[in-house]
Amino acid sequence: MFRALTLVSLLFFCRPVQAQEGPRPTVVDAETLARKLGETTWGMEDLLSGKVEEMTITLRVEELDGDGNVKHSQERVDRLTVRDGQQHREILQARKDGQDATEAMRKDLEERQRKGQGRAEFNSVNLPFASSYLSQHRFSLAGPDPKDPKRLRLRFEPRADKAPYVHKGEALVDPSTGQLVRLSYSPTELPNMAHRVDVRMDFRTWPGVGQVLDTLHVDAEGGLLFYKKHLRITARYSNLVPASPAAKTSAASP
């Protein structure tokens, strides 16, 4: 059930936003706002280049039946470290359907990492306004959020159909600071055997750093013929450790 969806790791990361030193003028142009978001975020390439060296990920994966009831569940706490451009993931504890599964899942993960599997799973984590993907999206303002008129909705869609790692959805932004509050989208290119994938990311303010990903929600359906699955995934991110100046210098060296 669980290995079939590399979708769980889709988004093991998102980008913490760099610290803001004060309010910025309100941004009213969609493209300008998107560029500003891109300038104040860290992408996956930044993470792997050594700007962040450690993160804890608390993950819950639920398989639902046709009535929306939980059939199976998996809970995991992972620690991911990045050293000298290399990433390593360690399972601190794990449970399947309420039973301890830490050792079994550690062995499985170690074997997959030994074979070099897993790195490609993080490709889809890039946000639409990251510098590498900004030109592939079209942005438009959708007015204030009905629940909080001080926040602005920024819609995005691909400029070309079925482009890899391009999304369609909406960002909720504080226009005075350029801070990302929430992001909701569906990827235009779905993972293998997936029929629907809906993603929501909620962000929080972390003093000294800025906005960081707090919680990731994924609701997905897929399968073959009569074998259907409905998964609900929640991931919480904590204990983000910025790299030391020495580590950053080492990572930047040729």
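Structure summary
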read-out: For region 53-61, 3J(HN,Hα) per residue [Karplus equation, 6.51 cos²θ - 1.76 cosθ + 1.60, θ = phi - 60°, Hz, x = Gly/Pro]; value: 10, 7, 7, 9, 10, 9, 10, 10, 10
read-out: Placed amide H near Ala243: partners under 5 Å, 5+ positions off or other chain; value: Val52, Glu53
read-out: Heavy-atom accessible area order for Arg153, Arg232, largest first, 1.4 Å probe; value: Arg232, Arg153
read-out: In range of the label at Asn192: residues from region 212-243 whose backbone nitrogen is under 16 Å from the point 7 Å along Cα→Cβ; value: 222-225
read-out: Sequence-distant residues sharing a close amide H with His72 (under 5 Å, placed H); value: Glu63
read-out: Within-14-Å neighbourhood charge of His195 [Cβ basis; K, R +1; D, E -1]; value: -1
read-out: Accessible area (Å², 1.4 Å probe, nearest 10) - Lys115; value: 120 Å²
read-out: Mean separation of Cα contacts under 8 Å, 6 or more apart, over the residue count of region 132-196: relative contact order %; value: 25 percent
read-out: Glu62, Glu54, Glu103, Glu75, reordered so the largest accessible area comes first (probe 1.4 Å); value: Glu103, Glu75, Glu54, Glu62
read-out: Gained length - Ser176 relative to Arg200, 0.36 nm times residue gap less alpha-carbon distance; value: 6.4 nm
read-out: Gained length - Ala142 relative to Glu221, 0.36 nm times residue gap less alpha-carbon distance; value: 25.6 nm
read-out: Cα-Cα pairs of region 177-234 separated by more than 18 Å (percent); value: 46 percent
read-out: Under 5 Å, built H, 5+ apart or other chain: amide partners of Asp214; value: Asp202, Phe203, Arg204
read-out: Linear extension gain, Leu92 paired with Ser73, 0.36 nm per residue minus alpha-carbon span; value: 5.1 nm
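The values are calculated or read from the model by the stated rules, or taken from the named source; none is laboratory data. The structure displayed is predicted, hence computed values, not measured ones. With ideal geometry, Cβ positions are generated from the backbone for all residues, glycine too; neighbour counts draw on all protein chains shown. Only protein heavy atoms, including side chains, enter the accessible area calculation; ligands, DNA and RNA are left aside. Shrake-Rupley method; radii C 1.70, N 1.55, O 1.52, S 1.80 Å.
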